[in-house]
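Here's the structure, in structure tokens; my notes come after.
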Amino acid sequence: MPPKDKKGKKMAMKQVRAAIKGLMQGEDTFEQAADKAFSELDTDGSGFLEKAELLDALNTLIGAEQDERAIPEKKFEKFFGKLDTDGDQKISKDEFKKLAKRLFKQLQKEEDSDEEEEEEDDD
């Protein structure tokens, strides 16, 4: 059995957060950004993110699919459990928006920081 790669597991989850932020980029409001990201992840159009659907969509976003860079099952279960606040084994848009709100705030901070750096470069 190969040794566990904790760095790889952390990297996969960072990639997931970065991928979701990437889906939200280019939108002016949080509502628009969250709706856009949710729609992209809701590949069957059910209005919910089921476990397998979300895992497949996230793995596709990070370019992992079936290879060794795929999101580790335990990490995904923990991630899904945090999102699934009502325990119905699927993520509603409202549940998703709780995660998206944090990521959108980070995205806004990053954009503000980039703008400040550009202004300093212009001086």
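The values are calculated or read from the model by the stated rules, or taken from the named source; none is laboratory data. The shown structure was predicted, so the numbers you read here are calculated from the model rather than taken from an experiment. Glycine also receives a Cβ, built like all others from the backbone with ideal geometry; neighbour counts cover every protein chain displayed. When the accessible area is computed, the model is the full protein with side chains, heavy atoms only, and any ligands, DNA or RNA have been set aside. Shrake-Rupley method; radii C 1.70, N 1.55, O 1.52, S 1.80 Å.
Restricting the first member to the range 84-105 and to residues that are in contact (Cβ under 8 Å) with a residue 40 or more places away in the chain, and the second to residues that are assigned to a loop (DSSP other than H, G, I, E, B) and open to solvent by less than 100 Å² (accessible area, probe 1.4 Å), the beta-carbon pairs closer than 6 Å and six or more apart or on different chains are ILE91/ASP84.
Residue pairs whose Cβ atoms lie under 7 Å apart, separated by 6 or more positions or on different chains, with the first residue in the range 13-25 and closer than 19 Å to GLU73 by Cβ and the second modelled with pLDDT of 80 or more and not aliphatic (A, V, I, L, M), are MET13/LYS75; MET13/PHE79. Residues in the range 10-27 that are open to solvent by 70 Å² or more (accessible area, probe 1.4 Å) and either touching a Ser or Thr at 6+ places or on another chain (Cβ under 7 Å) or part of a helix (DSSP H, G or I) (or both): LYS10, MET11, LYS14, ARG17.
Within the range 74-84, being in contact with a strand residue (DSSP E or B) (Cβ under 9 Å, 6 or more places away or on another chain) and either exposed (fewer than 13 other Cβ atoms within 10 Å of the Cβ) or assigned to a helix (DSSP H, G or I) (or both) holds for PHE80, LEU83.
Take the conditions (1) at pLDDT 85 or above; (2) of a type outside the set (A, V, I, L, M, F, W, C); (3) under 15 Å from the mean Cα position of the chain (by Cα); THR85 misses just one of them, which is (3). Among the residues of this structure, PHE80 counts as one that is at pLDDT 90 or above and either touching a His at 6+ places or on another chain (Cβ under 6 Å) or of a type in the set (A, V, I, L, M, F, W, C) (or both). Quick check on THR60: is it open to solvent by less than 70 Å² (accessible area, probe 1.4 Å), hydroxyl-bearing (Ser, Thr, Tyr) and either closer than 27 Å to GLU110 by Cα or modelled with pLDDT of 85 or more (or both)? Taking the combined requirement at face value, the residue does not satisfy it.
Inside the range 28-73, residues that are among the charged types (D, E, K, R) and either touching a residue at least 24 places away in the same chain (Cβ under 8 Å) or assigned to a loop (DSSP other than H, G, I, E, B) (or both) make up a count of 10.
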